[in-house]
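What follows is a short report on a single structure.
The values are calculated or read from the model by the stated rules, or taken from the named source; none is laboratory data. Owing to the predicted nature of the structure, the values given are computational and were not obtained by experimental measurement. FYI the Cβ positions are ideal-geometry reconstructions off the backbone, even for glycines, and counts take in every protein chain you see.
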Amino acid sequence: MRHRKKVAKLGRKPDARKRMLRNLVTSLILEERVRTSLVRAKAARSAAEKIITRGRKDTVHARRLVAGSVYGSDAVKKVFNELGPRYAERPGGYTRILKLGPRKGDAAEEVILELVDSPVPVTQQAK
């Protein structure tokens, strides 16, 4: 029985799933908008929100925890220099999911996962 096992498996083994989510969250932090499937976006949203919450308090411990959760020092710098101060007064809910409809290849529900209050302009494709 799968009682109390709420993690989305995403058709991958645990190590591959962690790497995929880490890649997705890193891309979200650097680009501030990423296009993916609905299930992956929901899984990445919780990880991204925890990382941004860590970025609100700039300590060595928080930097090390974020560095272990994302790829590259550019993403760590952006979390603490841009995203942390931007969302300092916001009590959570840093991301939004915009549904685009079914994907052409496999009919998976495709979405845009983006940061709220993002300075990246919305394109016609996203509308």
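Do we find that residue 111 is within 17 Å of the chain's Cα centre (by Cα), under 19 Å from residue 24 (Cβ atoms) and without any contact (Cβ under 8 Å) to a residue 60 or more places away in the chain in this structure? It is false that residue 111 is within 17 Å of the chain's Cα centre (by Cα), under 19 Å from residue 24 (Cβ atoms) and without any contact (Cβ under 8 Å) to a residue 60 or more places away in the chain.
Residues in segment 1-40 that are of a type in the set (Lys, Arg) and closer than 24 Å to residue 104 by Cβ: 12, 33, 35, 40.
Of all residue pairs spaced 6 or more apart or on separate chains, those with beta-carbon atoms under 7 Å, a first member in segment 67-81 that is farther than 18 Å from residue 45 by Cβ and a second member that is assigned to a loop (DSSP other than H, G, I, E, B) are 76/70; 80/58. When residue 7 is tested against (1) among the hydrophobic types (A, V, I, L, M, F, W, C); (2) modelled with pLDDT of 95 or more; (3) outside any helix (DSSP H, G or I), only condition (2) is not met.
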